[in-house]
Amino acid sequence: MNFFKAKTSWSNAELIILKLCIASAYILVGAYFYSFVGNYYMPILFVFAVTCIWAVYLWISKMRNGK
């Protein structure tokens, strides 16, 4: 599989998107503290979905461009 062998470089601004995606996923995984996270569940889910799609798009476009 060439998908895992492709090498890319990321700028600091692009890493922010990836880190935000990962951080929101960790918050969603930790949602069993529902009384703490319950009020913010939908905004966190929205941030996760948007940043996940964005990060995957950046990764695939970088692999196609060979950067």
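At-a-glance table
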item: Breaking point among (1) at pLDDT 75 or above; (2) in a helix (DSSP H, G or I), for residue 10; result: (2)
item: Pair list, Cβ < 8 Å and 6+ apart or interchain, from the range 6-26 residues that are over 16 Å from residue 44 (Cβ atoms) to residues that are in a loop (DSSP other than H, G, I, E, B); result: 8/67; 9/67; 18/10
item: Any chance residue 29 is of a type in the set (A, V, I, L, M, F, W, C) and in contact (Cβ under 8 Å) with a residue 24 or more places away in the chain; result: no
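The values are calculated or read from the model by the stated rules, or taken from the named source; none is laboratory data. Bear in mind the structure is a predicted one, so any value in this text is a computation, not a measurement. Cβ coordinates were reconstructed from backbone atoms using ideal geometry, including for glycine residues, and neighbour counts include every protein chain displayed.
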